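Note sheet for the following structure.
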Amino acid sequence: MASQDWVDKDFYAILGVSKDASEADIKKAYRKLARTYHPDTNAGDPAAELRFKDITEANSVLSDPDERQQYDAIRAMGSGARFTAGGPAGSPGGAGFDDIFGNLFGGGGQQRGSARGFGGGQVPPEFADLFGGGFGQGGYQQAPQKGADRTASTTISFGGSINGTSIGLREPSGEVIDVRIPAGIKDGQTVRVRGKGQRGPAGNGDLLVKVAVRPHPFFAREDNNVRIHVPVTFAEAALGGQIDVPTLTGETVKMKVPAGSSSGRTLRLKGRGVKTAKATGDLLVTLDVVVPQNLGGKAEEAVRAFAAATADADPRRGLAAKAAL
């Protein structure tokens with residue numbers, strides 16, 4: 001950059017920092033602005049391109065203690081003087097601005113270590129992580145990449161999905177990779193094993209293991225809730241009572257069945273479902289009223305007496321009207 005540009009441009013204002021800003025303040029300001037005006041997020045926007053060039057130039061000078069000192073000196077000397085282009089070098093009065101300050105710092109009027117790359121701007125190495133790569137001479141330079149991820153699949157038991165488990169995946173080389181399956185994992189979810197993917201210049205990729213869960217003959221998962229079907233007698237459904245209900249932990253708990261419960265009614269046991277790091281579900285207990293297959297003696301007489309006593313009750317009253325087209 002020509003020395004004249006150092007007088008014409010206020011790098012502190014460009015970055016939005018004060019003249020006594022610390023290196024940390026300058027770095028923070030540059031990061032924020034570079035994210036906003038980077039060409040990757042402003043394709044085809046000349047104004048953003050120019051703005052990005054300016055903030056990159058400003059950072060390249062102010063982040064270097066020596067160049068910042070020179071810049072401050074030039075700005076201080078140039079702020080109170082007016083310079084003309086002048087005549088040829090060596091002629092009377094022919095020393096132009098660049099000649100004056102070029103001699104001051106021993107060099108032909110050019111800032112040492114001038115910025116290069118995109119529109120005259122070069123992203124410093126310490127900020128390369130912002131954009132996934134730096135800028136090389138005349139264009140983009142690809143940053144070192146991690147190795148590619150690999151995929152695998154496994155099937156675990158329902159109990160393993162509820163309580164968590166560990167499995168071993170064997171490599172063709174014979175190496176066994178231990179995979180920890182967290183408690184509460186759902187069928188179809190993926191577990192990431194870091195560093196077990198393909199090798200790369202910037203480190204290994206990851207291993208992504210898709211988990212299938214075998215269904216259980218009694219417990220059925222519904223998100224973080226678990227549904228079970230519990231048979232009850234006609235008397236328990238009609239008169240109410242307490243029944244024993246099995247849970248995921250293997251223990252049984254007492255649950256009250258309200259009088260007059262119909263088959264298919266679902267009761268809820270709070271906090272007895274799937275437990276994950278973020279939530280705990282409930283146990284949904286669906287009642288299935290069991291009708292005796294063979295009645296004899298006093299049982300049959302009791303049912304007949306019950307039928308006679310409830311002859312006026314018609315559960316199908318109004319059904320035909322509902323079915324009308």
Original post:
From ASP244, ASP288, ASP314, which residue is free of Cβ contacts under 8 Å to residues at least 12 places away in the same chain, in a strand (DSSP E or B) and not aromatic (Phe, Trp, Tyr)?
Top reply: ASP244
Subject >> Qualifying residue in the stretch 163-185 (condition: modelled with pLDDT under 90, assigned to a loop (DSSP other than H, G, I, E, B), hydroxyl-bearing (Ser, Thr, Tyr) and surrounded by fewer than 16 Cβ atoms within 10 Å (Cβ to Cβ)) >> reply: yes
**OP:** Report the residue count in the stretch 280-325 for those that are in contact with a Phe, Trp or Tyr (Cβ under 8 Å, 6 or more places away or on another chain) and surrounded by 10 or more Cβ atoms within 10 Å (Cβ to Cβ).
**Re:** 3
**OP:** Restrict the check to the stretch 179-199 and report whether at least one residue is over 24 Å from the mean Cα position of the chain (by Cα) and over 30 Å from THR286 (Cβ atoms).
**Re:** no
Original post:
Quick one: is GLN293 without any contact (Cβ under 8 Å) to a residue 60 or more places away in the chain, of a type in the set (S, T, N, Q) and not in a loop (DSSP other than H, G, I, E, B)?
Top reply: no
Subject >> Flag for ALA323 being more than 30 Å from GLY164 (Cα to Cα), over 52 Å from the mean Cα position of the chain (by Cα) and not basic (Lys, Arg) >> reply: no
**OP:** Scan ILE156, ILE162 and give me the residue that is closer than 29 Å to VAL245 by Cα, touching a Leu at 6+ places or on another chain (Cβ under 8 Å) and outside the structural domain of PRO246 (by TED's automatic domain parsing).
**Re:** ILE162
Original post:
Would you call LYS256 loosely packed, with under 12 Cβ neighbours inside 10 Å and in a strand (DSSP E or B)?
Top reply: yes
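The values are calculated or read from the model by the stated rules, or taken from the named source; none is laboratory data. These figures come from a predicted structure and were not determined experimentally. For neighbour counting, all protein chains shown are included, and Cβ atoms are generated from backbone atoms with ideal geometry for every residue, glycine included.
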